[in-house]
Amino acid sequence: MDLSRDFIKAKRPCTDGFRWFLRTHQNGGNYQALLDALVRDGRINDACWLLDQFGPTDAVLRVDSLDAEAIVFAGTIEVRGGIEAGALIRSGRDLVAGGGIRCDGDIVVGADLRSDGGVRCDGRLDVSGDARVAWGIEVEAALSCGGDLRAEWDLRCKGAMRVDGNIHVGRELIAGAGMRCGKSLFVGGDIACLGDLKAGNGIQAGAGIACNGHLEAGWGIRARDDIRALGAIKAGESLYSGAELQAGEGYGIYAGLIVQLEAWEASARVCARTPPARLMSGWWAGPQPC
């Protein structure tokens, strides 16, 4: 796709960016070639603006490895090995790597993210579609995912986390701020969240759950070890803890919020090693194997 001077001017670019365009591409230019030229000249924000204005393409970049200060590609990026970048990795569509992905800044993916290694992002990680990572994910800032997210090892995010689909983590999950999961959250080990933790469906942990805010699930919550929160604990259905179940001082524990009273014994069960303080709703069933 070729972009003319009038076509770009109609998008009302900034004065400095338009002057750059007139100085370097006064007769217009190919869309991706313009993105590449902007990145080469260190105008990364302008390249992102251009991609925001004209959107993704069906182009595919296939290389053995990729190492650059910044990467802005309007289509799909497929790398047989690993990807290393400084300021930014941004793709209009999929980002696929046969190895790991490392970026000192942001990673922004217009569709799906796939990595046969790990993903390390020192900025924010923003994936519009699904994210599937064979190893672990480490994010220094915020993480957002518009589909399902799966990491076979650990998931560590220091900023806020939002995933619209399901989350599956093979080992442990550590969230340094609030966390929202649109569907179900499954973690093979511990879950630690330094803010509120909310899942639209269920939450299951192979070890314990520790939450520094409110803990809430639309369906049930199950953990092999302790379930502890500094705020309230709310479950639409049952609550199962293989050890202790504890809400914050002054807060209650609520089970069966979407279950009729007559069905509490079957579908709003509360199980823990000892009866929890301030159990406000649900059917206390005593210790049960998780």
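No lab work stands behind these numbers, since they all come straight from the coordinates. The structure displayed is predicted, hence computed values, not measured ones. Positions of Cβ are generated from backbone atoms using ideal geometry, with glycine treated the same way; all protein chains shown enter the neighbour counts.
Quick notes on this structure:
- Lysines with Cα under 24 Å of LYS198, excluding same-chain neighbours fewer than 8 positions away: LYS158, LYS183, LYS234
- Build a GNM of the chain with springs between Cα atoms under 10 Å apart, and of GLY118, GLY202, GLY42 the one that fluctuates most is GLY42.
- Gyration tensor verdict on the chain (Cα atoms; rounded if a/c is under 1.5, prolate if a/b is larger than b/c, oblate otherwise): prolate
- Helix 31-40 vs. the chain, principal-axis angle (Cα, 0 to 90°, nearest 10): 90 degrees
- Rounded FRET efficiency, nearest 0.05, which uses the C-beta distance separating LYS158 from ALA285 and R0 of 51 Å: 0.85
- Nearest 10 degrees, 0 to 90: helix 15-24 Cα axis against the chain principal axis: 50 degrees
- Relative contact order [Cα under 8 Å, 6+ residues apart], segment 176-274, whole percent: 19 percent
- Overall form of segment 137-177 per C-alpha gyration tensor (a/c, 1.5; a/b vs b/c): oblate
- Gyration tensor (alpha-carbon) shape descriptor, segment 192-260, a/c threshold 1.5: rounded
- Label-reachable residues, segment 120-142, where backbone N falls under 16 Å from a point 7 Å from ASP67's Cα toward its Cβ: none
- Relative contact order, whole percent, for the chain stands at 7, derived from Cα pairs under 8 Å and 6 or more residues apart.
- Ordering GLY136, LEU125, LEU35 by the projection of their Cα atoms onto the charge dipole of segment 33-154, which places +1 on the Cβ of Lys and Arg and -1 on the Cβ of Asp and Glu, puts LEU35 at the extreme positive end.
- Listed by Cβ neighbour count within 10 Å, with the fewest neighbours leading, GLU237, GLU140, GLU249 appear as GLU249, GLU140, GLU237.
- Calculated over segment 33-154: convex hull of Cα atoms, volume per residue (Å³): 84 Å³
- Over the chain: helical MRE at 222 nm, DSSP H runs n ≥ 4 each giving -39500 (n - 2.57), nearest 500: -3500 deg cm²/dmol
- Nearest-ten-degree value, helix 44-54 long axis tilted from longest Cα axis of the chain: 90 degrees
- Legend: ranking of residues THR57, THR24 from fewest to most surrounding C-beta atoms inside 10 Å; resulting order THR24, THR57.
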